[in-house]
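One structure below.
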Amino acid sequence: MYMQTQTFNISMPKELVSMMDLVARREYKNRSELIKEAVRVYLEERKMWNEIFAEGEKQAKKIGITSEDEVNTMVASFRKGA
């Protein structure tokens, strides 16, 4: 499978670049490979969290929870054993 690529420039603090280069060397990768992997992992995690929050909102709506304050009250009540 051929994937089109796009080149772009980014600015990063020198300390972050140094840390990135160290990790890249240890993993036998170049900067580009490391950045691609980091972005891919971030986007996958973001998607997972969005799905979790969407399911939580769906379940909250199903049982009539309308605010985060209601959730906090329910959690506090549960923790007190009420």
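All of the numbers you see were taken from the coordinates with simple rules; none came from a lab. From a predicted model like this one, the values you see are computed outputs, not experimental measurements. So basically every Cβ, Gly included, is an ideal-geometry build from the backbone, and we count neighbours across all protein chains shown.
Key figures for this structure:
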| item | result |
| --- | --- |
| Residues that are surrounded by fewer than 10 Cβ atoms within 10 Å (Cβ to Cβ) and outside any loop (DSSP other than H, G, I, E, B), drawn from region 60-79 | LYS62, ILE63, GLU68, ASP69, PHE78, ARG79 |
| Condition check for GLY64: more than 16 Å from the chain's Cα centre (by Cα) and at positive phi | yes |
| Subset of region 8-59 [surrounded by 10 or more Cβ atoms within 10 Å (Cβ to Cβ) and assigned to a loop (DSSP other than H, G, I, E, B)] | MET12, GLU27, LYS29, ASN30 |
